[in-house]
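Worksheet: one structure, shown below.
Bear in mind that the values in this text are calculations on the coordinates, not laboratory data. Keep in mind that this is a model prediction, so the values were computed, not measured. Here the Cβ positions follow ideal geometry from the backbone for every residue, glycine too, while neighbour counts run over all protein chains shown.
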Number of protein chains: 4
Amino acid sequence: MIIQLKKDLPIKDVDFLTATITGFGYQITPVSTQFGHYLIGIGSRNFDIRKIGHLPGIQDIHMVSDDYKLVSKKWKVKPTKIDLGDDIAIQDGEMAIMAGPCSIESEEQIVNVINHLKQSGISLMRGGVFKPRSSPYAFRGLGLDGLKLWHQLAREAGIKIVTEVMQVSQIAEMYDYVDIFQVGARNTQNFNLLDELGKVDKAVLIKRGISGTIEELLQSAEYVFSGGNEKIILCERGIRTYERASRNTLDLNAIPILKAKSHLPVVVDPSHGIGIREYVPQMALSGVMSGADGIIYETHENPDKAYSDGQQTLNFDQSSLLADQIRKTFALRKTFQLL
Amino acid sequence: MIIQLKKDLPIKDVDFLTATITGFGYQITPVSTQFGHYLIGIGSRNFDIRKIGHLPGIQDIHMVSDDYKLVSKKWKVKPTKIDLGDDIAIQDGEMAIMAGPCSIESEEQIVNVINHLKQSGISLMRGGVFKPRSSPYAFRGLGLDGLKLWHQLAREAGIKIVTEVMQVSQIAEMYDYVDIFQVGARNTQNFNLLDELGKVDKAVLIKRGISGTIEELLQSAEYVFSGGNEKIILCERGIRTYERASRNTLDLNAIPILKAKSHLPVVVDPSHGIGIREYVPQMALSGVMSGADGIIYETHENPDKAYSDGQQTLNFDQSSLLADQIRKTFALRKTFQLL
Amino acid sequence: MIIQLKKDLPIKDVDFLTATITGFGYQITPVSTQFGHYLIGIGSRNFDIRKIGHLPGIQDIHMVSDDYKLVSKKWKVKPTKIDLGDDIAIQDGEMAIMAGPCSIESEEQIVNVINHLKQSGISLMRGGVFKPRSSPYAFRGLGLDGLKLWHQLAREAGIKIVTEVMQVSQIAEMYDYVDIFQVGARNTQNFNLLDELGKVDKAVLIKRGISGTIEELLQSAEYVFSGGNEKIILCERGIRTYERASRNTLDLNAIPILKAKSHLPVVVDPSHGIGIREYVPQMALSGVMSGADGIIYETHENPDKAYSDGQQTLNFDQSSLLADQIRKTFALRKTFQLL
Amino acid sequence: MIIQLKKDLPIKDVDFLTATITGFGYQITPVSTQFGHYLIGIGSRNFDIRKIGHLPGIQDIHMVSDDYKLVSKKWKVKPTKIDLGDDIAIQDGEMAIMAGPCSIESEEQIVNVINHLKQSGISLMRGGVFKPRSSPYAFRGLGLDGLKLWHQLAREAGIKIVTEVMQVSQIAEMYDYVDIFQVGARNTQNFNLLDELGKVDKAVLIKRGISGTIEELLQSAEYVFSGGNEKIILCERGIRTYERASRNTLDLNAIPILKAKSHLPVVVDPSHGIGIREYVPQMALSGVMSGADGIIYETHENPDKAYSDGQQTLNFDQSSLLADQIRKTFALRKTFQLL
């Protein structure tokens, strides 16, 4: 049960409501976000809401039977728009393109990518400064200094930054330099990290876990929302299966399912999803047709010299061509009556 | 190693070639299909083909390092066209649409579907008369009588028939009434069935196994080709993974990979691929953008009353709309320079 | 619903019962096996069996809510004993050991294996004469001639034969030379083959599918039972997962689950289950502790020269040692109060 | 390449060695643990170690081709013993039993469990005070206060504590009250957490990831070792597959493989591995036969009233019986010549 509270409700009224509903056998979690105040009640699924509907301070009550509540479309039918400022947004009905290298490597590299994005009409740049690596001996990214440099160059160019945060202590130090905090596939169930990202007022892009279910992805998003942050983007990036001809198995089934279950925008990462440069465009365009609100892919001036993920990274010519094809495919999709 | 032989080569020349190449340490399998004669040599990968290139009777020699040989693009770069007659074909550069019910149920149902297909410009009808069912107590299809009835009605309407063959003994009795023999996902590695389908001159559509790899699908096709039948279509229909929000996990990564590895046409089955009616169109269109040469989906006049698979079956209005969207999406894809 | 019929019931009484129960909304499938006659009713789960319990000819009625019926422990609590004659049996409370090569290769090989088995006190020999191979160019077994030779030598030695049948047409020709027909992991859902194996009076060992569920394995067994053959053995042989450090993932969880759900004996194949010779013994002994009624493993005089599967095959010394360890482990397990 | 350095080597000698080996094209990572100093060289696999073997300060050089180095058995053949003091250890050749509730719930519960463990001769107690939960609204554990209380009671009883640490900031606050830090299956690739656990002098038990490979588990252990902590225990707890009849698929294949690849002790968690109380004992005993050095399972005075995981938790009678069976099975295993 989600109880939306009226604005500026005095604490004592919230306490009264909490006590009353607890009295009906519910466990109550209060949630305050940038945009509203809620009481989440976990308990009976057959409760007669008329018993509390008349109480003062309640704006609306929704029975949501899913295990996730606040991210469900069952109470918030209108799609969530992630407004990044400067007329840049991620939302249903639009097509966001996010591109950039796997790792931020140098000032020269950043400048080259930014120039490419500007020429291609792309205003969101992805890149890693903290890199999760399975081996402790591999390159782990330029860190905070790299992020600051990147931020300065991106700001001048009007480009927004999407980058991965790996642990709680990085949130505060990264905060001023990031537009979208990315939670990587190995951290989708790092609940402490999700809790803390609920406390900041920046967008959070959550990648599906390496073998995460669709349900688990939504529950991870519920952590961020219930922590206080409604600005959440979901990302399908391929799952682990027995098939080894591709790096991961891009599960585009997840897109219409996530869009139907949740009001949050959903993006597709074809680079990790297939892991083979030559086939990234086809998977990106498939992602558009599956109903995604955005595509996030890897590009580098010279993919074969990239510090990481070169085998799945497009060069700038391929990237420009793909961005154009994404837009044309999205324009066609908009003419269809798809769910 | 694939050795293409000249036409009408006398048996004694074939024997001489076989003996000579065997002498170089190769195990030779002779293959004769509708379209040519080949010797398949399994042995060293570092053989100097100049040692045999001059021998009489050889048209061409190809070193193919894949475990599958004849279905590989490494020797036959030109895509294979499956010509079904009456100007109906399945081939690279075109978009084949195959639609119909999961099970053939009655004369009335067949007539309804055929009328719908005609109105929608679809000339390939799918349907099952022998149904593999996990429970022995479930409906197993109308059998041969149903097929004969269907065939008569389809012929009159100029519609081609795609239907599943479950065992060797059915091939002969079904032969006159089938245009494309379908091998189901539970039979992808029924090697006896594949062997026997190699001996007929009808197209064979092989579905990927329930948890089959891309490599195994190609090896199953190799059985049919090496058995003597080059008319093969590959079909992605979703694989089994841990995810249960969808019936299967449609692996569209497989499309560009199969198209790159093989000269055979590749089609996508979005109905089994996601298993949820509302999302079949998105997955069909994603399949088109992934590079498929055809889409095969389930439609029924009244899906909720279908004998089987109703939950993933489109009604006729949805089907007409989808066929139109498939064509528009394919038309757009053709303007792109994709692999 | 399973209705056990009295012995020698006249056809007209069966017809009367069928009509009566059909009248209550059930779909009836009559089943006649070596050991009894049954009517299987598929329909309401809340039927009051007192409505039919008084009818003449009924020995017993069992409501079985599982999708599989006759193989369920819910109606037949007593474990099924597979009696192969000559005091050789597979059953709960005993430990059957089946060993032998992957492929039957030659008379000399057969003689060597038989001598080894005799010395080790093993009376069941496994081996393949029809080999399912993913490549059409690989060795496919010695076929029927090999089986006849093997049979002659085994009979003289008092050894029983377990070997794979790949297709319907082989059943009749193999019948006289086989003690246990094995259904391979690629044929677990070859329903025609299962149907036909229901018609013979020889034991059938069904391997779990390459990515088959426990439920599907039981339903495949239901095909054989409902076809008329109660002599069924279930076999866990590893499933396909993302892990590649082993050939398959041996799922020993399946053993106690299968034993709890079904009255059929269950055996474990550690050779395919891990696929690495050095670790086959540990997995065999784990299988014993998991509750298996038998172990089936591969042995060969010279594994490195075996035609197939040498990497997972034990030599005779290892095999003798393992057989002894299996017996000691089983003896210890019998002293425990395990389910 | 692993270079073991002599004790008390002056910094300038380390610098000289680093510079010299770097000059041969290696990237050097210095590692200092409780027990030794190492230089890890990543570079050519065909280096002639005689070029550096004579240099002063080197105790030994090992070429290790695995992606993990320090946890490999290729350089350290002798199994690692995890000495917890008070004659309690986890090591090859012994059988460690760790038991306790999923969640620490109350003083009464702790006392009951401790009494049970004492009576059963078990000296390692598992339990959670920080609980990772997929839903933000579920019970998340008693936290640090619960740990302090538990620690006081356990110390008095001579019981060692195994409990999960979820984030970096908890390490310091938990340090004084923990004997073994457990890294949960959702944190196996939380590299920051692993890095920090490398800096403490307490044992770390790393659970295999929910869909982690054996290789990834070893690489996660490499993080802890290269961070400075050699006291590492590996734990198989089941992996995620398509099978739903059990909670996870316990992969006992992993045990002999891990034991062969690494010198670290390996334990099995049958409770999470199958997730069904009735079958936990069979899986525990299978784990013993697979070669494990320990078993970790869940027990509670009244499993049906446990705050979490009750369905897979043994009551005290079952636990006592199992502990006895584990010891008997291990005693038998020790008489076998297994790898």
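Close amide H contacts of A:Ile233 (hydrogens built in the peptide plane, cut-off under 5 Å, sequence separation of 5 or more or a different chain): A:Val204, A:Leu205, A:Ile206. Take each peptide in B:251-262, D:22-33, D:312-323, count the other Cβ atoms within 10 Å of every residue, and average; sorted highest first, the result is B:251-262, D:312-323, D:22-33.
In this structure the amide hydrogen of A:Thr299, modeled in the peptide plane, comes within under 5 Å of the amide hydrogens of A:Gly100, A:Cys102, A:Leu314, none closer than 5 places in sequence on its chain.
From a point 7 Å beyond the Cα of D:Gln34 in the direction of its Cβ, which residues of the stretch D:179-217 have a backbone N at a distance under 18 Å? Flagged as within label range: D:179-183, D:194-207. Counts of other chain beta carbons within 10 angstrom of each beta carbon in peptide B:141-150 average 0. For chain A, a Kirkwood radius taken over Cα pairs fed into Stokes-Einstein (4 °C, viscosity 1.567 mPa s) yields D = 62 µm²/s.
Counting only other chain Cβ atoms within 10 Å of each residue's Cβ, the peptide C:272-285 averages 5. Note on chain B: GNM, Cα springs under 10 Å; of B:Ile49, B:Ile11, B:Ile214, the largest mean-square fluctuation is that of B:Ile11.
When only Cα pairs below 8 angstrom with a gap of at least 6 residues are kept, the stretch B:2-62 shows a relative contact order of 49 percent. Of the GluC sites (Glu not before Pro) found in the stretch C:131-195, not one falls in a DSSP loop while having at most 10 other beta-carbon atoms within 10 Å. GNM remark for chain B: springs join alpha carbons under 10 Å apart, and the peak mean-square fluctuation among B:Glu94, B:Glu230, B:Glu243 falls on B:Glu243.
The trypsin sites (Lys or Arg not before Pro) of the stretch D:287-328 include none that meets both criteria, a DSSP state outside H, G, I, E and B (loop) and at most 16 other C-beta atoms within 10 angstrom of the site's C-beta.
3J(HN,Hα) couplings calculated from phi for the stretch B:27-41 with the Karplus curve 6.51 cos²θ - 1.76 cosθ + 1.60 (θ = phi - 60°) are, in sequence order, 9, 9, 10, x, 10, 10, 10, 4, 10, x, 10, 9, 10, 9, x Hz; Gly and Pro show x.
Taking all Cα pairs closer than 8 Å and separated by 6 or more residues, the relative contact order of the stretch C:39-161 comes to 18 percent.
When chain C is turned onto chain A, the axis of that turn runs closest to one Cβ of chain C, and that residue with its distance in whole Å is C:Tyr242, 3. Rg/Rh for the stretch A:281-339 (Cα atoms only, Rh after Kirkwood) is 1.07.
In order along the stretch B:249-262, the Karplus-derived 3J(HN,Hα) couplings, from 6.51 cos²θ - 1.76 cosθ + 1.60 at θ = phi - 60°, round to 9, 5, 9, 6, 3, 5, 5, x, 5, 5, 5, 7, 8, 10 Hz, and Gly and Pro are given as x. Nearest 5 percent is fine: what portion of the DSSP beta bridges confined to the stretch B:82-335 is antiparallel? Percentage antiparallel, nearest 5: 10. Counting, for every residue in B:235-248, the Cβ atoms of other protein chains within 10 Å of its Cβ and taking the mean gives 6. Taken about its Cα centre, the protein assembly as shown carries a charge dipole of roughly 0 debye when the Cβ of each Lys and Arg holds +1 and the Cβ of each Asp and Glu holds -1. Dividing the summed -39500 (n - 2.57) terms of all DSSP H runs of n ≥ 4 by the residue count of chain A sets its mean residue ellipticity at 222 nm at -10500 deg cm²/dmol. Note: relative contact order over chain D, using C-alpha pairs below 8 Å and six or more positions apart, is 16 percent. Say we join alpha carbon atoms closer than 10 Å with springs in a Gaussian network model of chain A; which of A:Asp201, A:Asp179, A:Asp92 then has the biggest fluctuation? With Cα springs under 10 Å in chain A, the top fluctuation among A:Asp201, A:Asp179, A:Asp92 is at A:Asp201. Projected label points at C:Phe139 and D:Phe24, each 7 Å from Cα along the beta carbon direction, are separated by 4.4 nanometres. With the highest mean first, a sort of the peptides D:64-72, A:180-188 on other beta-carbon atoms found within 10 angstrom per residue produces A:180-188, D:64-72. Spin-label pair C:Lys6-A:Ile42: with each label point 7 Å from Cα along the Cα-Cβ axis, the two points sit 5.9 nm from one another. Amide hydrogen proximity for C:Leu5: with H placed 1.01 Å from N in the peptide plane, the residues at 5 or more positions away or on another chain lying under 5 Å are C:His37, C:Tyr38, C:Leu39, C:Gln59. Karplus-derived 3J(HN,Hα) values for the stretch B:104-112, using 6.51 cos²θ - 1.76 cosθ + 1.60 with θ = phi - 60°, are 6, 10, 6, 4, 4, 4, 4, 4, 4 Hz; glycine and proline are entered as x.
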